[in-house]
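A.B. asks: This is the structure, below, for whatever I ask next.
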Amino acid sequence: MKYPRVTLLVALVAILVGIQLINSLTAGELIHFGIVPRTLSGLIGILLAPFIHGSWDHLFSNLPPLIILSALLLHRTIKFYLVASLFIIVVGGLMVWLVGRNAVHVGASGWIFGLWGLLIAQGFLRRKFADIAIALLVLFYFGAMASGLLPVHQYISTESHIAGALSGILFAWLINKSEKKR
């Protein structure tokens, strides 16, 4: 594998498109595997919801920021990206499951907001040139994402956005604390 980071991003796109194709062919049956707050059956959604989208438009609106923010985080290592993503998905999903409104929450936006929060927080916490440059780039190009933290649309899971951003910031803080101890 000559370009493992590129391969990872291409595989991620292929997985998301494949899942959306299955969801479309089954008339949206995969939506039932989203996060349904405070229900036993909704717990499976913590891991599955980021990969399931309500429509092709939903998927295509999430893909560009997911790929760009993922690529920016991959400036560290693939392992770091995977651990950070898993943390964001699980912790953010658990937050949505605990406090989200009674709805089915699906889509990668919580993950996206988690990457966003992590990349910005890293710039402030690590104070390394690359992290500061990336944080400024993210703030400049994706600063408008902050409006996604406001509950303005009934069918958008603001809870996922907030939980994702908080989990990304928490991950950055925990990693920074751990790195300082070493």
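A.B. asks: Return the distance in nm (one decimal) between the two label points of a simple spin-label model at SER24 and ILE67, each offset 7 Å from Cα along Cα→Cβ.
C.D. replies: If labels sit at SER24 and ILE67, their model points lie 1.6 nm apart.
A.B. asks: Follow-up question, since we're still on this one. May I ask you to give the percent of accessible area on the chain that is carbon plus sulfur, with a probe radius of 1.4 Å?
C.D. replies: Carbon-and-sulfur percentage of accessible area, whole number: 74.
A.B. asks: Right, another one. Please tell me the relative contact order of the range 7-163 in percent, rounded to the nearest whole number, where contacts are Cα pairs under 8 Å and at least six residues apart.
C.D. replies: Relative CO of the range 7-163 lands at 25 percent.
A.B. asks: Using 1/(1 + (r/R0)^6) with R0 = 25 angstrom and r between the beta carbons of ALA14 and LEU86, what's the FRET efficiency to the nearest 0.05?
C.D. replies: Efficiency at R0 = 25 Å is approximately 0.85.
A.B. asks: With an 8 Å cut-off on Cα pairs and a minimum separation of 6 or more residues, tell me the relative contact order of the range 2-99 in percent.
C.D. replies: Relative contact order here is 33 percent.
A.B. asks: I've got another one for you. Nearest 20 debye, what's the magnitude of the dipole of the chain about its Cα centre given +1 on Lys and Arg Cβ and -1 on Asp and Glu Cβ?
C.D. replies: Roughly 900 debye for the chain.
A.B. asks: Could you pull out every one of the lysines with an alpha carbon less than 22 Å from that of LYS2, ignoring same-chain neighbours closer than 8 positions?
C.D. replies: Once the sequence-local lysines are set aside, what remains near LYS2 is LYS79.
A.B. asks: For the range 55-116, which trypsin sites (Lys or Arg not before Pro) are in a loop by DSSP, counting at most 10 other Cβ atoms within 10 Å?
C.D. replies: The qualifying sites: there are none.
A.B. asks: Sticking with this structure for a sec: I need the chymotrypsin sites (Phe, Trp or Tyr not before Pro) found in the range 106-173, filtered to DSSP loop residues with at most 10 other beta carbons within 10 Å of theirs.
C.D. replies: The qualifying sites are TYR155.
A.B. asks: Let me ask another. With helices defined as uninterrupted DSSP H runs, which ones in the chain have an alpha carbon span along their own long axis of at least 24 Å and mean Kyte-Doolittle hydropathy of at least 1.6?
C.D. replies: Going by DSSP H runs, the hits are 4-25, 78-99.
A.B. asks: Can you tell me which aspartates and glutamates have their Cα less than 19 Å from the Cα of LYS180? Leave out same-chain residues fewer than eight positions away.
C.D. replies: Cross-link targets: ASP131.
A.B. asks: Right, another one. Accessible area per residue, 1.4 Å probe, Å², for the range 1-102: what's the number?
C.D. replies: Roughly 54 Å² per residue, with all protein chains present.
The values are calculated or read from the model by the stated rules, or taken from the named source; none is laboratory data. Everything numeric in this text was worked out from a predicted model, so none of it was measured. Reconstructed Cβ throughout: ideal geometry from the backbone, glycine too, with neighbour counts over all protein chains shown. Just so you know, the surface numbers come from the protein's heavy atoms only, side chains and all, with ligands and any DNA or RNA stripped out. Shrake-Rupley method; radii C 1.70, N 1.55, O 1.52, S 1.80 Å.
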